[in-house]
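Written below as structure tokens is the structure these notes are about.
The values are calculated or read from the model by the stated rules, or taken from the named source; none is laboratory data. Please read all numbers here as calculations on a predicted model, not as lab measurements. So basically every Cβ, Gly included, is an ideal-geometry build from the backbone, and we count neighbours across all protein chains shown. Protein only, heavy atoms only, side chains kept; ligands, DNA and RNA dropped before computing areas. Shrake-Rupley method; radii C 1.70, N 1.55, O 1.52, S 1.80 Å.
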Amino acid sequence: GWLFWRVMACGRRSGDSKRQVILFILCVCLCQSAAETLRYSLPEEMEKDSFVANIAKDLGVPLSQLAARKARVVSEGDEQLFRLDQNTGVLTAKESLDREEICPQSDTCTLVFKIFFENPLQLIRGEVEVHDVNDNSPMFPEKEMVLKILETASTGSRFPLESAQDKDVGINGLQNYSLGPNPHFSLAIGTEKDGVKHLELVLQRQLDREEQGELNLLLTATDGGSPPRSGTAQVRIVVVDANDNVPLFEREVYEVRLAENSPLEQLVVRVAAADPDEGSNGEVRYAFTQTSERSRQLFQLNPTTGEIRVVGKLDFEEAKSHKMVVKATDGGGLSAHCKVQVEVLDVNDNAPEIALTSLTASIPEDAPPRTVVALFSVQDQDSGDNGRTECSIDGDLPFSLTPTFDSYYELRTNAALDRERTAEYNITITATDWGKKRLSSRESIFVQISDVNDNPPEFTQEVYTMSVTENNSPMLRIGRMTATDADAGTNARVNYALVRQEGKEQPDVSVNAENGDVYILRPLDYEKVR
């Protein structure tokens, strides 16, 4: 909106002349472009200072205005990824962007930035989508997988294999697997509900340890890039003598809900697999398989008891769930698998954060209500009500908060200001979330009120009576008149002058313009003038 105010200043009178009243109008405009977002795209791994967009051209802003209005770009988050050249209006990437580093495990990678202008304040939102390029090959967790399979295993038996990981996404991500030619096994590829592919070796022909005690197979993972990239792993099959009972888990899937502030060593779940065989063939040991490195850092599996405990700091804001696969292996090398799914529950462990974007440190006392003083944002990393925030101003002050968009607020005046009554304000803003245990943060904003010439001088008396003995000496000081002004600075400086009245004889008196001292100019005669 447009905000107008008038400031009037009265000049000093000197002699018979009057200085004219100076009138000037100050206009401040705060424009917001909440209706439209600038959207651009950029392939990852481009060189440093790569061109993103011509902001000045896209916004229709003259280049001269970029520097004059102190245009700048601010990225969301701690790292500033873009640079705006005020001379050319060109937006560039400060560094080469690695999509896998910026947006790990995300199909899309959108970087949000904001363009800020001053004089008047203006906020424009922008997005840069970083496109994936095929710069990562699929990789298996281990270069060699070892499977111990009974020679009595029936055809059609399936044996899970470790999946490969590819940091790229979409068509550049992992697409297919292949198994080197061999007489005993084929490869079965399945897809989970979340799109993750899992592998199984399928026995096509009966094994015979006496005929061949070990087989070596080449497993290849291929992505869909152009050209495609691949990774390989050796699958070593050790054929073992008969152990006719496979460990059996109590459940195929263990589902657990766990608060993100769970202490270290807290028990998550105990998985258990039974094996009716005797001796070492009935002794079961547990290990993680097909489990991400991050989950292994957060959870520890006891290989003997099957207990899974917390060993790292859980963070709902980092990951809302963790999926693990536990492999139970008996002494004869037979194994079974179960899944453990941990849902992380959010707790209110993050206070709102207030970030001041722009501040007008001084405003004139005749600024009209609704004048914008500051612009700031409030963010809370929690979710749901724990991340929902509200803002308030402490105390009864002539200011109010107006929400805009993207959790931004404007601090505005809501009443007339008077510097002579209050010359400065220390405004405390409190941001509070809606969690059951409400967390809050505070930010202080200091605003000074600048003076305008809105108070006339006032004499300390309406009438000053002074006396002098006749035949006085010339330029004799006979008294002083004093006037004060409630304004500040030059607006409070007072000058004195005698008002000359037409048709009347000018008295032999003068006044010091600076201090109000009254002087008799020449000797007086009581008999002529009293």
Point to revise | Cα-based shape type of region 38-131, given that a ≥ b ≥ c are square roots of the gyration tensor eigenvalues and the cut on a/c is 1.5 | key: prolate
**Study point:** region 57-196 - percent relative contact order, Cα under 8 Å, separation 6 or more
**Key:** 18
Exercise for review: Using a 1.4 Å probe and counting only protein heavy atoms, arrange Met324, Met466, Met481 so the residue with the most accessible area comes first.
Suggested key: Met466, Met481, Met324
Review point. Top to bottom by accessible area (1.4 Å), largest first, where do His184, His131 land?
Key: His131, His184
Check your understanding: Can you tell which of Leu199, Leu91, Gly435 lies farthest toward the positive end of the dipole of the chain, using +1 and -1 charges on the Cβ of basic and acidic side chains (Lys, Arg; Asp, Glu)?
Key -> Leu91
Check your understanding: When only C-alpha pairs under 8 Å and at least 6 residues apart count, what is the relative contact order of region 237-317, in percent?
Key -> 34
Check your understanding: Summing Lys, Arg as +1 and Asp, Glu as -1, what charge do residues with Cβ under 12 Å from the Cβ of Glu47 carry, Glu47 excluded?
Key -> -2
**Study point:** Label point distance in nm, Thr357-Ala415, each placed 7 Å from Cα along Cα→Cβ
**Key:** 2.8
Check your understanding: Based on the alpha-carbon gyration tensor of region 175-287 and its eigenvalue square roots a ≥ b ≥ c, which shape applies: rounded if a/c is under 1.5, prolate if not and a/b is larger than b/c, or oblate?
Key -> oblate
Exercise for review: Under 11 Å from the Cβ of Lys94, count the other residues' Cβ atoms, weight Lys and Arg +1, Asp and Glu -1, and hand me the total.
Suggested key: -1
**Study point:** List Lys48, Lys339, ordered by accessible area with a 1.4 Å probe, largest first
**Key:** Lys48, Lys339
Practice item. Could you please state, rounded to a whole Å, how far the C-alpha centre of region 466-530 is from the C-alpha centre of region 34-94? Key: 67
**Study point:** Accessible surface, the chain, averaged per residue in Å² (probe 1.4 Å)
**Key:** 57
Check your understanding: For Ser50 and Glu293, what does the FRET efficiency come to when R0 = 25 Å and r is the distance between their Cβ atoms, rounded to the nearest 0.05?
Key -> 0.20
Practice item. Work out the charge dipole of the chain with +1 on the Cβ of Lys and Arg and -1 on the Cβ of Asp and Glu about the Cα centre, then indicate which of Tyr409, Val452, Ala355 is farthest towards its positive end. Key: Val452
Study note, to complete from the structure: Carbon plus sulfur, as percent of the 1.4 Å-probe accessible area of region 453-529, comes to 49
Review point. Roughly what would the spin-label model give for Asp98 and Lys504, points 7 Å off Cα along C-beta, in nm?
Key: 9.0
Review point. To the nearest whole percent, what portion of all C-alpha pairs in region 453-529 is separated by more than 22 angstrom?
Key: 35
Study note, to complete from the structure: Subtracting the Cα-Cα distance of Ser383 and Gln175 from 0.36 nm times their residue separation yields 71.5 nm
Check your understanding: Taking a temperature of 4 °C and a viscosity of 1.567 mPa s, what whole-number D in µm²/s does Stokes-Einstein yield for region 248-345 with Rh from Kirkwood over alpha carbon pairs?
Key -> 94
Check your understanding: What order, most packed first, do the peptides 162-170, 446-454 have when packing is the mean number of other Cβ atoms within 10 Å of each residue?
Key -> 162-170, 446-454
Review point. What is the spin-label model distance, in nm, from Lys436 to Asp485 if the labels are put 7 Å beyond Cα along the C-beta direction?
Key: 6.4
Revision key, fill the gap. Dividing the helical contributions, -39500 (n - 2.57) per DSSP H run of n ≥ 4, by the residues of the chain yields a 222 nm value, nearest 500 deg cm²/dmol, of -1000 deg cm²/dmol
Practice item. Report the full-extension gain for the segment Arg530 to Ser75: residue separation times 0.36 nm, less the Cα-Cα distance, to one decimal in nm. Key: 155.6 nm
Review point. Placing +1 at every Lys and Arg Cβ and -1 at every Asp and Glu Cβ, with all other atoms neutral, what dipole size does the chain have around its Cα centre, in debye to the nearest 20?
Key: 2060
Revision key, fill the gap. If the label point sits 7 Å along Cα→Cβ of Arg257, residues of region 318-360 with amide N under 17 Å come out as 320-322, 341-348
**Study point:** Cβ-Cβ FRET estimate between Val238 and Glu278, R0 fixed at 25 Å, reported to 0.05
**Key:** 0.70
Revision key, fill the gap. Options (1) 2.36; (2) 1.72; (3) 0.92 for Cα Rg over 2.2 N^0.38 Å; the value derived from the coordinates is listed as (2)
Practice item. Might you work out the accessible area of Thr155 for me, using a 1.4 Å probe with all protein chains in place, and round it to the nearest 10 Å²? Key: 80
Study note, to complete from the structure: Stretched fully, the stretch from Glu343 through Lys320 gains (0.36 nm per residue minus C-alpha distance, one decimal, in nm) 7.7 nm
